[in-house]
1. Using just the Cα positions, wrap region 11-95 in a convex hull and report its mean projected area in square nanometres, one decimal place.
2. For the residues 25, 133, what sequence is obtained by ranking on other C-beta atoms within 10 Å, fewest first?
3. When only Cα pairs under 8 Å and 6 or more residues apart are kept, what is the percent relative contact order across region 15-278?
4. Per Stokes-Einstein, at 10 °C and 1.306 mPa s, what whole-number D in µm² s⁻¹ belongs to region 110-229, with the Kirkwood radius over Cα pairs as the hydrodynamic radius?
5. For each of 92, 47, count neighbouring Cβ atoms within 10 Å of the residue's Cβ, then give the residues from fewest to most.
6. By counting other Cβ atoms within 10 Å of each Cβ, how are 19, 167 ranked from fewest to most?
7. Of all the Cα-Cα pairs you can form in region 158-220, what percent are over 14 Å apart?
8. Where does region 43-140 land on Rg(C-alpha)/(2.2 N^0.38 Å)?
Ligand SMILES: Nc1ncnc2c1ncn2[C@@H]1O[C@H](COP(=O)(O)OP(=O)(O)OP(=O)(O)O)[C@@H](O)[C@H]1O
Ligand SMILES: [Mg+2]
């Protein structure tokens with residue numbers, strides 16, 4: 001009994017995988033992030049939502065150490081990353097997998113080679129081992145072996161997202177950051193991407209950090225929502241808590257999104273009968289624009 005209690009309090013005391021403390025970022029006179037306090041909980045889906053120009057991409061860049069705070073700090077597993085050497089920072093970056101806005105697959109490589117890319121770059125595994133690992137991930141994510149030899153342009157937008165997730169998972173990250181995962185997708189593909197994000201957490205035990213401006217999607221996937229308005233987190237909590245936070249700016253943002261606030265359910269085991277769960281699993285081709293983001297499972301130089 002005592003042991004159980006001790007284990008529980010040790011767990012409670014463990015630092016969150018991602019924490020921001022009074023995080024401020026200025027570019028010249030322009031304060032982009034203004035004292036952001038944020039905890040992302042382990043193995044949950046944490047969504048940071050905000051309108052255009054709210055500072056989402058800047059926050060993402062700070063989380064993976066591509067920018068340094070003006071003041072305050074970013075802690076990854078309890079470690080302040082600002083003073084780290086580039087080498088130590090690279091080790092921290094290996095805790096992250098990145099899912100880019102437009103999947104950022106390399107068009108000249110097959111699906112197989114895209115997913116194998118991080119293993120070829122960062123491990124000395126044999127081709128046979130690489131083949132086995134890539135196939136495992138593709139199957140786990142519901143991608144049949146026949147897609148292996150196709151090129152990114154030959155599969156649907158939803159499939160490309162899955163391939164991007166498979167690639168992000170290849171080096172077994174602890175945390176996956178999704179940059180605007182549903183932007184530019186049709187509603188049905190958006191649902192399949194929401195389910196994919198939930199699956200990453202459930203089946204691979206990752207902590208999801210989602211940067212989004214899509215309120216409907218946020219309510220389907222989030223355990224915790226953090227609303228970023230003009231560089232400040234103005235509301236934080238479960239979707240219900242955020243809905244009831246009583247702030248005009250949050251209410252306006254939610255109302256403008258057109259979400260039916262009386263009918264908010266997270267997909268997953270706690271809402272098996274929720275409307276989102278009953279959506280058909282249809283993959284539609286989407287006209288995603290090409291992207292210049294780099295073809296790795298790693299943080300980009302310019303997200
Ligand atoms: N390197 C930089 N130098 C100067 N200003 C910057 C820099 N990076 C971002 N900003 C400014 O910070 C503000 C927030 O930008 P950011 O890209 O973080 O917003 P966002 O929430 O990601 O917006 P969007 O939804 O449009 O992508 C903007 O006014 C932007 O011009
Ligand atoms: Mg942005």
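Since every read-out is calculated from the coordinates, none of them should be taken as a lab result. Keep in mind that what you see is a predicted model, and the values were worked out from it rather than measured. FYI the Cβ positions are ideal-geometry reconstructions off the backbone, even for glycines, and counts take in every protein chain you see.
1. Values: hull surface 24.1 nm².
Computed as one quarter of the Cα hull surface, the answer is 6.0 nm².
2. On the way: 25 22, 133 18.
With the fewest neighbours first, 25, 133 line up as 133, 25.
3. On the way: 483 pairs, mean separation 65.5, N = 264.
With pairs under 8 Å counted, the relative contact order is 25 percent.
4. Working: Rh = 15.0 Å.
Once the numbers are plugged in, D ends up at 106 µm²/s.
5. Working: 92 16, 47 28.
Least to most surrounded, the residues fall as 92, 47.
6. Details: 19 20, 167 30.
Ascending number of Cβ neighbours within 10 Å: 19, 167.
7. Working: 1025 of 1953 pairs.
So the pairs more than 14 Å apart make up 52 percent of the total in region 158-220.
8. 1.33
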